[in-house]
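To start, the structure under review is shown below, and the notes come after it.
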Amino acid sequence: MARISSDMPHIDTQFHLRRQEARLAKMQSQISSENRIHELRDDPLAASRAVRYESYLARLERYEKNTQYAKDHYNITYGYMNEAINVMQRVRELAVQGANGIYSVEDTKMMGIEINELLKELVSIANTTGPDGKQLFAGDKSVTEPFRIVEGTIENGNESVVARVEYRGAGASRRTEISDRTFVDLDIGGGELFWAEKMQVFSNVNASNYRVSTAGAFFIDGVEIQVSPGDTLPAIVAKINDSAAPVKAFIDPETRGLALEGTNPHLIRAEDGAAGATVLRDLGIIRGNMENNAPNWDTVRSRVGGGSVFDMVVRLRDALFRGDQDFIGSQGIAGMDLAIGNMATRVADIGSRQERVEMTWQRINREIPDVASYIARETAVNMADAATDLRMMEFAHKATLQTAARILPTTLLDFLR
């Protein structure tokens, strides 16, 4: 015969009341937070999907910020690049004017003085600092001015002018991720935008019998090129040409040394790899690795050609000071055309990046609300159903309390009242 304690009705009623109160509290919490999943056991499948959606949404929001920053950066860069082209257009107008043969040396000298001031403005644009405090045309070397003016005197000049503009180096382009494993370059380096001629490097070192002694690598414009023991000069030339570097390599028929030529106007950057690799130094191309990304060509054992925009302007200005109309009308104007042509190409490059980022930004902003709706579908509370359920639970709880008060047996406390 089962024994039933007099406390069992109390304990049993309290147990079920606590369960009702817990369900009631949970429903109230879901309504207040508008989230029906507070623990994984509430709905394990929906919780796992929600976590994946929230992770994807966080990445989309990060990409949206990256694309917005890229858009703003391109807008600022685009404006300064157009300003540089406007300066060069004015320089070219003065070159055409000075080449028509009707001006005296004093007249062309006045034009040269104006070009000298335009040259300073061009260097100022090249060293522009953006609103974020970083150099626009210095790549990841964002606190280093890419160009430096060196003043001096020239023939037929009465005062100090810009003798030359030294390239101090610009780092590799910064990149930003705009979608999963998809990156875009943010910058145009000073060695790309402010260059006019295709650069050429001819080594004077006869490398007919050269062999690579140890495995290693070297870098051309940031592209790594691996070499193996026993590689000859023709093998090295083939590897450079097969790489993604914007450089064409060949063997100089006169010196039998390595020769490099840019496939477009830009400053070629060359470095030997780590671990003691010395291929480019052995071939007489560089004298050592780049310091602060400044040019490191071995000018003793190689010949370097291909000038910058500033070189073209300086040559034209000097010719105007001399009154050399033949040079102005031929090489002077040709140099301006080369410089402006390269600048226009770089502007088009920035414009295409800007258009791509704009389309990506629009796509991300369409996708973010969709992903947010997926999360809401998995975790959000149906307020109409929840309000009905809450009311029913409150009614049931109240009825349970009333019933329990009537059916539970009297206790000692009842007699003490």
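The values are calculated or read from the model by the stated rules, or taken from the named source; none is laboratory data. Computed from a predicted structure; not experimentally measured. Cβ atoms come from the backbone with ideal geometry, glycine included; neighbour counts cover every protein chain shown. Just the protein is used for accessible areas: all its heavy atoms, side chains included, with ligands, DNA and RNA removed. Shrake-Rupley method; radii C 1.70, N 1.55, O 1.52, S 1.80 Å.
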Shape box of the chain [Cα atoms, principal axes, largest first, Å]: 126, 58, 34
Dimensionless Rg/Rh of the range 162-245 - Kirkwood Rh, Rg from C-alpha atoms: 1.07
How big, on average over all directions, is the shadow cast by the Cα convex hull of the range 239-346, in nm²? 9.2
I need the helices of the chain that pass two filters: whole DSSP H segments spanning 15 Å or more by Cα along the axis, and mean Kyte-Doolittle score no lower than -0.5. 105-126, 309-322, 333-379, 383-407
Ignoring any ligand, DNA or RNA, what whole percent of the accessible area of the range 315-404 comes from carbon and sulfur when the probe is 1.4 angstrom? 57
Per the 1/(1 + (r/R0)^6) rule, R0 = 45 Å and r from the Cβ atoms of N82 and T388, FRET efficiency to 0.05 is 0.10
Grab the beta carbon distance between L45 and T182, set R0 = 30 Å, and tell me the FRET efficiency rounded to 0.05. 0.45
Fraction of accessible area attributable to carbon and sulfur, the range 33-172 (%, probe 1.4 Å): 47
Beyond 22 Å, how much of the Cα-Cα pair distribution for the range 180-315 remains, as a whole percent? 36
What percentage of the solvent-accessible surface of the range 207-280, computed with a 1.4 Å probe over protein heavy atoms, is contributed by carbon and sulfur atoms? 51
No solvent, one uniform scatterer per C-alpha: report log10 I(q)/I(0) for the range 163-205 via the Debye equation at q = 0.25 1/Å, two decimals. -0.97
Just tell me which aspartates and glutamates come within less than 12 Å, Cα to Cα, of K198; anything on the same chain fewer than 8 places away is out. E261
Probe 1.4 Å, accessible area per residue of the chain, Å²: 53
Where labels lie 7 Å past Cα in the beta-carbon direction, separation of N35 and Q14 in nm: 3.4
Could you name the lysines in cross-link range of K141, using Cα to Cα under 23 Å and dropping any fewer than eight places away on the same chain? K65, K71, K120
To the nearest 10 square angstrom, how much accessible area does S373 have with a 1.4 angstrom probe? 60
When the charge dipole of the chain is computed with +1 at the Cβ of Lys and Arg and -1 at the Cβ of Asp and Glu, the Cα pointing farthest to the positive end, of I333, L320, S243, is that of S243
Please list 199-210, 222-233 highest first by mean number of surrounding beta-carbon atoms within 10 Å per residue. 199-210, 222-233
